[in-house]
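**Q** One structure follows; several queries about it will come next.
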Amino acid sequence: MTNILSQLTTEQPHENTQNIDQLSSEQIMILINSEDSLITDAIRELIPLIARAADLVVDAFQKGGRLFYIGAGTSGRIGILDASECPPTYGTDPSMVQGLIAGGFRAVKEAIEGAEDSEELGEQDINENGINEKDVVIGIAASGRTPYVLGAMRRAKERGAVVIGLCNNYESPMHQYADFVIEAVVGPEVIMGSTRMKAGTSQKLILNMLTTTAMIRIGKVYKNLMVDLNPSNNKLVHRAKRIITLATGASEEDVEKAYHEAGAHVKTAIVMLLANVSAAEASKLLDGTSGFVRSAIDMKTTK
């Protein structure tokens, strides 16, 4: 294991931070910030691969499939974070995007010793979630060689799923089980091996890009507004009404009326106001255009 770690980019000592323990707080943060600034340039070169992944996710969603993130430690938590934000932001069913982590839910808040070292646990999680040929599985591991993740990827491939790897080193074992691998190599960490830093940040940015793009592509966004959000608390209710206002330019009174007649469904309220139709007809227009607001409005206004 020592020899393997010594070969990984994420496990190299950083030449520019070897005296970081002698610096002031501000100097330490300048070094961290300087390294963080390199991440977006590295990701920009990967956009064609990330876009390919997003297209496969869109295709899966349109066929009734799901997206699963599989990871351990920081990588697993980042996957769960991205998955958990999709229902409130885009009104998705919680089953549509899911995050699985070595050690189960308890591992979200505390380390579960040895869980990431078991390929069998990864295989088991794939089986228990009934992953199949309709689904996309993204294995996430900074090293690219976490046994739990590799076991899950291998089993997902055997069950016919699209399998993608996301790691922070070149030529990882993920290539054996993935249709392709996104290698976000962002260099050694400020603190050697602390992959919750640059590696983790790169993973978070990539997952943001992937699910945001996929949600836009399946009609969850109109203009740049999250029109499928779930107004599940007071803040989101106010945001929902503001989105309707921004999308339509309607008065506060008309927005309030449409919001309630639409059953708090933002898309329906927007189509009601912009196409000048009832809630029932707006809903029918949205059904006929797979939920795309712009298409629903065009369908009515071009008749």
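**Q** Where does the chain land at 222 nm, in deg cm²/dmol rounded to the nearest 500, when only DSSP H runs of n ≥ 4 count, each adding -39500 (n - 2.57), divided by all residues? Don't skip to the end; give the middle numbers.
**A** Working: 13 runs with 154 residues, N = 303.
Estimated from H runs of four or more residues: -15500 deg cm²/dmol.
**Q** Here's a follow-up. Please list, or write none, the aspartates and glutamates whose alpha carbon is within less than 12 Å of the alpha carbon of LYS220, excluding same-chain residues fewer than 8 places away.
**A** The qualifying aspartates and glutamates are ASP228.
**Q** In addition: For the chain, give me the percentage of DSSP beta bridges that are antiparallel, rounded to the nearest 5 percent.
**A** Working: 1 of 21 bridges.
For the chain, the DSSP antiparallel bridge percentage is about 5.
**Q** Using only Cα atoms, what is the ratio of the radius of gyration of segment 15-65 to 2.2 N^0.38 Å?
**A** Values: Rg = 19.0 Å, N = 51, 2.2 N^0.38 = 9.8 Å.
So the Cα radius of gyration is 1.94 times the expected 2.2 N^0.38 Å.
**Q** Same structure, new question: To the nearest 20 Debye, how big is the dipole of segment 163-292 about its Cα centre, given +1 on the beta carbon of each Lys and Arg and -1 on that of each Asp and Glu?
**A** Values: 13 positive and 12 negative charges, 52 e Å.
Charge dipole, segment 163-292, about its Cα centre: 260 debye, nearest 20.
**Q** Suppose the chain between ASP21 and SER290 were pulled fully straight at 0.36 nm per residue; how much longer would it get relative to their current alpha carbon spacing?
**A** Values: separation 269, 0.36 × 269 = 96.84 nm, distance 5.62 nm.
Extending this stretch completely gives an extra 91.2 nm.
**Q** Assigning unit charges at the beta carbon (Lys, Arg +1; Asp, Glu -1) and nothing else, what dipole magnitude in debye, to the nearest 20, does the chain show about its Cα centre?
**A** Numbers: 29 positive and 38 negative charges, 245 e Å.
Dipole about the Cα centre, nearest 20: 1180 debye.
**Q** Can you sort HIS238, HIS14 from fewest to most other Cβ atoms within 10 Å of each residue's own Cβ?
**A** Values: HIS238 11, HIS14 16.
Lowest count first: HIS238, HIS14.
**Q** Let me ask you something else. Could you tell me which residue out of VAL271, MET197, ILE182 lies farthest along the dipole of the chain toward its positive end? Charges go on the beta carbon: Lys and Arg +1, Asp and Glu -1, centred on the Cα centre.
**A** Looking along the dipole axis, the top candidate is VAL271.
**Q** Within a 10 angstrom radius of the beta carbon, how do LYS241, LYS220, LYS134, LYS63 rank from fewest other beta carbons to most?
**A** Numbers: LYS241 19, LYS220 25, LYS134 15, LYS63 10.
Ranking LYS241, LYS220, LYS134, LYS63 by Cβ neighbours within 10 Å, fewest first, gives LYS63, LYS134, LYS241, LYS220.
**Q** Could I ask something else about it? Compute the Kirkwood hydrodynamic radius of segment 51-157, taking the inverse of the mean of 1/r over all pairs of distinct Cα atoms, and give it in Å to one decimal.
**A** Values: mean 1/r = 0.0729 Å⁻¹.
13.7 Å is the Kirkwood radius here.
**Q** May I pose another question? Is any residue of segment 192-233 close enough, with backbone N under 19 Å, to a label point placed 7 angstrom from the Cα of GLN12 along the Cα-Cβ axis, and if so, which?
**A** From segment 192-233, the list is 192-203.
**Q** I need to check one value: relative contact order of the chain, counting alpha carbon pairs closer than 8 Å and at least 6 residues apart, in percent. Show your work: numbers first, answer last.
**A** Details: 531 pairs, mean separation 54.4, N = 303.
Relative contact order of the chain: 18 percent.
**Q** Of the listed peptides 147-155, 90-98, what is their order by residue-averaged count of other C-beta atoms within 10 Å, with the highest listed first? The partial results should precede the final answer.
**A** Values: 147-155: 25.9, 90-98: 17.4.
Averaged packing, sorted descending, gives the order 147-155, 90-98.
**Q** A further question on this structure: Please report the net charge: other residues with Cβ closer than 13 Å to the Cβ of LYS220, K and R +1, D and E -1. Before the final figure, lay out the partial values.
**A** Numbers: positive: ARG217, LYS223, LYS267, ARG294; negative: GLU85, ASP93, ASP228.
Around LYS220, the charge tally is +1.
**Q** For segment 234-301, what is the relative contact order in percent, using Cα pairs closer than 8 Å and at least 6 residues apart in sequence?
**A** Values: 66 pairs, mean separation 14.9, N = 68.
Dividing the mean separation by the residue count of segment 234-301 yields 22 percent.
**Q** Same structure again: Just want the answer: with Cβ charges of +1 for Lys and Arg and -1 for Asp and Glu, which residue in GLY249, GLN22, ILE4 is farthest toward the dipole's positive end in the chain?
**A** Of the candidates, GLY249 comes out farthest on the positive side.
**Q** I've got another one for you. Between GLU110 and SER251, how many nm apart are label points set 7 Å from Cα along the C-beta direction?
**A** 5.8 nm
**Q** Another question, then. Sticking with the crude label model, points 7 Å out along Cα→Cβ, report the distance from ILE191 to ILE28 in nm, one decimal please.
**A** Simple spin-label model gives 0.8 nm for this pair.
FYI, it's all coordinate maths here, none of it is from the lab. For clarity, every value in this text was computed on a predicted model and none was experimentally measured. No Cβ is skipped: glycine too gets one built from the backbone with ideal geometry, and neighbour counts run over all protein chains shown.
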